[in-house]
């Protein structure tokens, strides 16, 4: 195994663990919102998309009912669709592997894969290792969170919220040396932060997709800049 | 509608987005322009997540231990420190700052 592939493995496992530990919060909050252990586990195993899962239990906890909960989870899942479009030609999966790849298509697996571009082998390895690592850790820690509840303390006491931000920053870091990506990243972060004051959780992040489309159209029209 | 059916229906709906991307013909999505758009979308969404995870709390926009932790992480990535080390250091700094302040 080359040193490049070893570093893909290290990043995949690191991301998998850092993200997975966060599911302790999900498990604990889900039970507090009124779901039982098995409903909580079903969300982590079947929905397997952090943003949508937190939205679902968040709406249930407010007592707004199941229909708004379903709609928010669905809406927040859109970005996995964008990632799936990116992963489709990279993986070119057929048959039974395709639905498995689809389930593992989340922020982290797509981002680690993007890190490997343009080396197709690293793109694939990063996707599968990260997807599987996040899935395993996410479900283990969901279970622990749901069973132990608040006994294990708050993930923020361990700085895990800062770890999540640092991990995502590291995944896009190599792209930021290009001015176009740097400008897009800074404006997306600013827009999302400001919109978070007026829009429900999750929606500001989704709206930055429009910024990406804007940069894309501008880049095509202006050619090289 | 029971809570169980809501769990299953919403999981299926979230999965439908994931599956959708793989059902689009590969010829269309391997177009270089679509690849460029996919890279831009990934960077925009992740940068937005970094912003939210660092500057937004349940009470709104907030500057706390996460901000110096992220700044340090940026510096360490710039210095080419390995990814996993940076993530662990960021968590440790945030945790320590919360103990002392």
Problem set entry | Per-residue Cβ neighbour rank within 10 angstrom, fewest leading, B:22, B:78, B:15 | B:78, B:15, B:22
Exercise. Mind checking the angle between helix B:66-78 and chain B's longest principal axis? C-alpha axes, 0 to 90 degrees, to the nearest 10.
Worked result: 80 degrees
For this session: Just rank A:144, B:79, fewest to most, by other beta-carbon atoms within 10 angstrom.
Result: B:79, A:144
Exercise. In Å, what Rg and Dmax follow from the Cα atoms of the protein assembly as shown?
Worked result: 18.7, 56
Exercise. With the contact rule set at Cα under 8 Å and sequence spacing of 6 or more, what percent relative contact order holds for region B:26-100?
Worked result: 22 percent
Exercise. If contacts are Cα pairs under 8 angstrom and at least 6 residues apart, what is the relative contact order of chain A in percent?
Worked result: 30 percent
Exercise. Counting other C-beta atoms within 10 Å, which of A:79, A:86 has the fewest, and how do the rest follow?
Worked result: A:86, A:79
Problem set entry | chain B: proportion of alpha-carbon pairs further apart than 25 angstrom, % | 50 percent
Exercise. Which FRET efficiency, nearest 0.05, do residue B:71 and residue A:220 yield, Cβ-Cβ r, R0 45 Å?
Worked result: 0.85
For this session: As a check on your grasp of the helix formula, calculate [θ] at 222 nm for the protein assembly as shown: sum -39500 (n - 2.57) over DSSP H runs of n ≥ 4, divide by the residue count, round to the nearest 500.
Result: -25000 deg cm²/dmol
Seminar exercise, completed: The FRET efficiency for residue B:58 and residue A:71, from their Cβ-Cβ distance with R0 = 22 Å and rounded to 0.05, is 0.55
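Read the figures in this text as sums done on the coordinates, not as results from a lab. No experiment lies behind these values; they were computed from the predicted model shown. Cβ atoms come from the backbone with ideal geometry, glycine included; neighbour counts cover every protein chain shown.
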